[in-house]
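Participant: Before I ask anything, here is the structure I am working with.
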Amino acid sequence: MSDNRPYKRVLLKISGQSFCRPGETGIHMDEITTMCQQIKRVVDQGVQLAIVCGGGNILRGKEFAAVSAAIKTPTAHYMGMLGTVINGLALQDALENAGVETRLQTAIQMERVAEPFIRRRCIRHLEKGRVVVLAAGTGSPFVTTDTAAALRAREIEADVLLKATKVDGIYSEDPEKNPHAVRYSEISYQDFLRQNLKVMDATAIHHCMEHNIPIVVFNYKKLGNVERAVAGERVGTRVLAAANIDKS
Ligand code: UDP
């Protein structure tokens, strides 16, 4: 790996929608395979990569609890976390099939299926060149996998948190609702919070802000974007400390 790479250890957050076809739910292996090809190219360059899986393609706790009177909200969140494990298992096998060595670690113990998340063990795997797939979020209800990604990025001392989405970055408004919405190339943590932007949850932004972890929100659907984001190229939107915003 060349030494001028800005990021040596990367936390990639893959949302649940990356596991299914646009507008659908469930799992579609073609979508995962395409993502795996991008991931393999990054790993082959020697970048250490941990991946936090979302679960929105299967179930989001808040939404499910709202329409299911019999289901208590924490139960719905646990169901959501288990959905991320289903995605994690699919991603693990797809990566291994592409020739990438992996480990799956979960925040909820299930020893027949995966290792428990143990910070030091996770780092050891990364140092050995294995991709560590992290599932079951934080293991606690009421938060999202964005927050899990921010916490894990901090724990494993990642240089950057990459959030793979289906949009080209962060916009002033939802670009699907307002075609005149402006895309930011960079935005400070504070401005993101002030504008109450929805691409990522505020708890995750707070964690990254407190520990100065840069975030890159980018469109993973454009082939090569994962590599570009890892290489520090201008792709999507970067969320940074105000002092690090490029004024040029
Ligand atoms: N979840 C949770 N605790 C966590 C992470 C996730 O309870 O630490 C639940 C929550 O209900 C969430 C669901 O798991 O809606 C799926 O995760 P998320 O919505 O973040 O998936 P994404 O939107 O990234 O696909």
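The values are calculated or read from the model by the stated rules, or taken from the named source; none is laboratory data. Since we're looking at a predicted model, the values are computed, not measured. Ideal geometry is used to build each Cβ from the backbone, glycine not excepted, and the neighbour counts take in all protein chains shown. These area figures cover heavy atoms from the full protein model, side chains too; ligands, DNA and RNA do not enter into them. Shrake-Rupley method; radii C 1.70, N 1.55, O 1.52, S 1.80 Å.
Participant: Take the residues in the range 60-91 that are open to solvent by less than 30 Å² (accessible area, probe 1.4 Å), small (Gly, Ala, Ser) and more than 24 Å from residue 230 (Cβ to Cβ); name whichever of them is modelled with the lowest pLDDT.
Facilitator: Ranking the candidates gives 68 first.
Participant: Could you please find all residues in the range 4-30 being open to solvent by less than 40 Å² (accessible area, probe 1.4 Å) and within 13 Å of the ligand (Cβ to nearest atom)? It would help to see each step written out before you state the result.
Facilitator: Quick first cut of the range 4-30, residues open to solvent by less than 40 Å² (accessible area, probe 1.4 Å) only: 7, 9-16, 18-20, 26.
12, 13, 14, 15, 16, 18, 19, 20, 26 - these are the residues of the range 4-30 that are open to solvent by less than 40 Å² (accessible area, probe 1.4 Å) and within 13 Å of the ligand (Cβ to nearest atom).
Participant: For the range 160-177, give me each residue that is of a type in the set (Asp, Glu) and modelled with pLDDT of 95 or more.
Facilitator: Within the range 160-177, no residue meets the criteria.
Participant: For residue 35, only one of the following conditions fails: (1) modelled with pLDDT of 95 or more; (2) in contact with a strand residue (DSSP E or B) (Cβ under 8 Å, 6 or more places away or on another chain); (3) within 16 Å of the ligand (Cβ to nearest atom). What is its number?
Facilitator: With (1) modelled with pLDDT of 95 or more; (2) in contact with a strand residue (DSSP E or B) (Cβ under 8 Å, 6 or more places away or on another chain); (3) within 16 Å of the ligand (Cβ to nearest atom) applied to residue 35, the lone miss is (1).
Participant: Kindly establish whether residue 94 is among the hydrophobic types (A, V, I, L, M, F, W, C) and away from the ligand (no atom under 11 Å from the Cβ).
Facilitator: On the way: among the hydrophobic types (A, V, I, L, M, F, W, C): yes; away from the ligand (no atom under 11 Å from the Cβ): yes.
In short, yes.
Participant: What number of residues within the range 31-59 are open to solvent by 30 Å² or more (accessible area, probe 1.4 Å) and either in a helix (DSSP H, G or I) or without any contact (Cβ under 8 Å) to a residue 24 or more places away in the chain (or both)?
Facilitator: Residues in the range 31-59 being open to solvent by 30 Å² or more (accessible area, probe 1.4 Å) and either in a helix (DSSP H, G or I) or without any contact (Cβ under 8 Å) to a residue 24 or more places away in the chain (or both): 7 in total.
Participant: Determine the pairs where a residue that is within 11 Å of the ligand (Cβ to nearest atom), located within the range 116-144, has a partner that is charged (D, E, K, R) and modelled with pLDDT of 95 or more with Cβ atoms under 6 Å apart, the partner being 6 or more residues away or on another chain.
Facilitator: Partner pairs satisfying both residue conditions: 134/152.
Participant: Here's a follow-up. Can you tell me which residues in the range 92-101 are in a helix (DSSP H, G or I) and either in contact (Cβ under 8 Å) with a residue 24 or more places away in the chain or surrounded by 19 or more Cβ atoms within 10 Å (Cβ to Cβ) (or both)? Steps first, answer last, please.
Facilitator: To start, the set of residues in the range 92-101 that are in a helix (DSSP H, G or I) comprises 92-97.
Selection gives 92, 94, 95, 97.
Let's see how each residue does on (1) polar (S, T, N, Q); (2) outside any loop (DSSP other than H, G, I, E, B); (3) over 21 Å from residue 56 (Cβ atoms):
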{"position": "82", "(1), (2), (3)": "no, yes, no"}
{"position": "90", "(1), (2), (3)": "no, yes, no"}
{"position": "103", "(1), (2), (3)": "no, yes, yes"}
{"position": "109", "(1), (2), (3)": "yes, no, yes"}
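Participant: Looking at the range 178-187, is at least one residue open to solvent by less than 30 Å² (accessible area, probe 1.4 Å), assigned to a strand (DSSP E or B), modelled with pLDDT of 95 or more and over 28 Å from residue 20 (Cβ atoms)?
Facilitator: yes
Participant: Looking only at residues that are part of a loop (DSSP other than H, G, I, E, B) and open to solvent by less than 30 Å² (accessible area, probe 1.4 Å) in the range 130-174, which one is farthest from residue 225 (Cα to Cα)?
Facilitator: At the first step, the residues of the range 130-174 found to be part of a loop (DSSP other than H, G, I, E, B) are 130, 136-144, 156-159, 166-169, 172-174.
Going one step further and asking which of them are open to solvent by less than 30 Å² (accessible area, probe 1.4 Å), we end up with 136-137, 139, 141, 156, 158, 169.
Details: 136: 26, 137: 24, 139: 30, 141: 32, 156: 23, 158: 19, 169: 12 Å.
Checking each candidate, the answer is 141.
Participant: Taking the condition more than 8 Å from the ligand (Cβ to nearest atom), of a type in the set (Val, Ile, Thr) and within 19 Å of the chain's Cα centre (by Cα), does residue 75 pass? If you could, list the steps in order and put the result at the bottom.
Facilitator: Values: more than 8 Å from the ligand (Cβ to nearest atom): yes; of a type in the set (Val, Ile, Thr): yes; within 19 Å of the chain's Cα centre (by Cα): no.
Considered against the rule, which asks whether it is more than 8 Å from the ligand (Cβ to nearest atom), of a type in the set (Val, Ile, Thr) and within 19 Å of the chain's Cα centre (by Cα), residue 75 comes out as no.
Participant: Consider residue 104 against the criteria (1) open to solvent by 30 Å² or more (accessible area, probe 1.4 Å); (2) touching a residue at least 12 places away in the same chain (Cβ under 8 Å): it satisfies all of them except one. Which criterion is unmet?
Facilitator: Just one mismatch for residue 104, condition (1).
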